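Peer 1: Take this structure, written in structure tokens, and hold onto it; I'll ask about it next.
The values are calculated or read from the model by the stated rules, or taken from the named source; none is laboratory data. Here the structure is a predicted model, which is why all the values come from computation and not from measurement. Cβ sites come from the backbone with ideal geometry, for glycine too, and all protein chains shown count toward neighbours. To get the accessible areas, we keep the full protein, side chains included, count just its heavy atoms, and leave off ligands, DNA and RNA. Shrake-Rupley method; radii C 1.70, N 1.55, O 1.52, S 1.80 Å.
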Amino acid sequence: MAEITAALVKELRTKTGAGMMDCKKALGENNGDLEAAVDWLRKKGLSSAAKKSGRVAAEGLIGVAIDKTRGAMLEVNSETDFVARNDTFQGFVSEAVKLTLETGSDIEALKTASYPGTGRTVEEQITHLIATIGENMSVRRATLLDVSEGYVGSYVHNAVAEGLGKIGVLVALESPAGEDVLEPLSKHIAMHVAATSPQSLTIEDLDPELIEREKSVLSDQARASGKPENIIDKMIEGRIRKYYEEVVLLKQVSVVDGENRIEQVVDAAAKEAGHPITLKAFARYALGEGVERKESDFAAEVKAAVGA
């Protein structure tokens, strides 16, 4: 039997887009004959993944996984919402986000991690799914939040299964307080974040470019009203404070209770628990945000197809 080298496996994978283990098996079944292995993969329906890799994948699922002081979040995209409702796809996202608890926010580390029970890596498993399900998919981004002491909580909006949905949020609370206090507090804050999509945790964390852009807009608006410069400065100062209340998490009024700012919600929980509580970090994913979706004109496609 011909020697199946790593270089030969890599070449077959490049030609077909099939998973590494599938390529190795194909070469083994065909005595190392590259072209015969290509045909073998085609017959098995495993060589079509590469053809699908150029399609826009902006649907899919956000997955979250929590392990007390650690929380992971992962976005896996597909072409259609139909696939997002597929049990196999959901199972993949659930397993992959659990692996993210170990690999962290490095998406490349996740892709090279071993996918349970398959002998494949995560990247090879998704290539296998592309060929099996028939749609392009991609592991897009990952986030890990952790605390030395405390709790990382989560919320998933439009959930289709446990820990899977269209919007995901992680909230990290640093505190010696018990989980009975921190879990509901993290849920409160996470639900708020899902609804408001804050730009930063604190004023200090806010991107200076956003602040300058807002000041520029406010200055132009104020000058257009004919106000003198000394009044304009005071107007801008007041409006910037209002801007902070709109985009900075700790300064926002909770949409859950409608009365208290998030910093007041945290302070009240700390007072009740008898321990300090620090809102250390948060992360929010909305499915497909930032992905350029291909717009199609169905009528034009039909006309082109019939040569009109």
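Peer 1: Considering only protein heavy atoms, what per residue accessible area in square angstrom results for the stretch 127-271 with a 1.4 angstrom probe?
Peer 2: Per-residue accessible area for the stretch 127-271 comes out at 50 Å².
Peer 1: Ranked highest first by the average count of other Cβ atoms within 10 Å around their residues, in what order do 78-90, 200-212 fall?
Peer 2: 78-90, 200-212
Peer 1: Can you divide the C-alpha Rg of the chain by 2.2 N^0.38 Å and report the result to two decimal places?
Peer 2: Rounded to two decimals, the normalised Rg is 1.29.
Peer 1: Taking the Cα centroid of the stretch 86-102 and of the stretch 267-285, what is the distance between the two, rounded to the nearest whole Å?
Peer 2: Here the answer is 29 Å between Cα centres.
Peer 1: A further question follows. Can you tell me the FRET efficiency between N31 and K242 if r is taken as the Cβ-Cβ distance and R0 is 51 Å, rounded to the nearest 0.05?
Peer 2: FRET efficiency, N31 to K242: 0.10.
Peer 1: Place +1 on the Cβ of every Lys and Arg and -1 on the Cβ of every Asp and Glu in the chain, take the dipole about the Cα centre, and give the residue among I232, L110, I211 whose Cα lies farthest towards its positive end.
Peer 2: L110
Peer 1: Multiplying the sequence separation of E212 and E179 by 0.36 nm and subtracting their Cα-Cα distance, what value in nm do you get?
Peer 2: 7.9 nm
Peer 1: Say R0 is 22 Å: what FRET efficiency, to the nearest 0.05, do T202 and N260 get from their beta-carbon distance?
Peer 2: Calculated value: 0.80.
Peer 1: Another question about this same structure. Which value results when the Cα radius of gyration for the stretch 207-298 is divided by 2.2 N^0.38 Å?
Peer 2: Here the answer is 1.58, to two decimals.
Peer 1: Right, something else. Using a 1.4 Å probe over the heavy atoms of the protein chains, calculate the carbon and sulfur portion of the accessible area of the chain as a whole percent.
Peer 2: Solvent-exposed carbon and sulfur of the chain make up 48 percent of the total.
Peer 1: Still on this structure: Based on the inverse mean of 1/r over its pairs of different Cα atoms, what is the Kirkwood hydrodynamic radius of the stretch 139-206, in Å?
Peer 2: After inverting the pairwise mean of 1/r, the radius is 13.1 Å.
Peer 1: Can you give the charge dipole size of the chain about its Cα centre, rounded to the nearest 20 debye, using +1 on the beta carbon of Lys and Arg and -1 on the beta carbon of Asp and Glu?
Peer 2: In debye, rounded to 20, the chain gives about 780.
Peer 1: Tell me, what is the Rg over Rh of the stretch 102-155, with Rh the Kirkwood radius over Cα pairs?
Peer 2: 1.09
Peer 1: Would you mind calculating the gained length between S225 and A159 on full extension (0.36 nm times residue separation, minus the Cα-Cα distance), in nm to one decimal?
Peer 2: 19.0 nm
Peer 1: What's the FRET efficiency of K15 with K187 using the Cβ-Cβ distance as r and R₀ = 41 Å, to the nearest 0.05?
Peer 2: Given R0 = 41 Å and the Cβ-Cβ separation, E is 0.25.
Peer 1: Taking the mean number of other Cβ atoms within 10 Å as a proxy for protection, how do you rank 270-283, 173-186 from highest to lowest?
Peer 2: Order by mean packing, descending: 173-186, 270-283.
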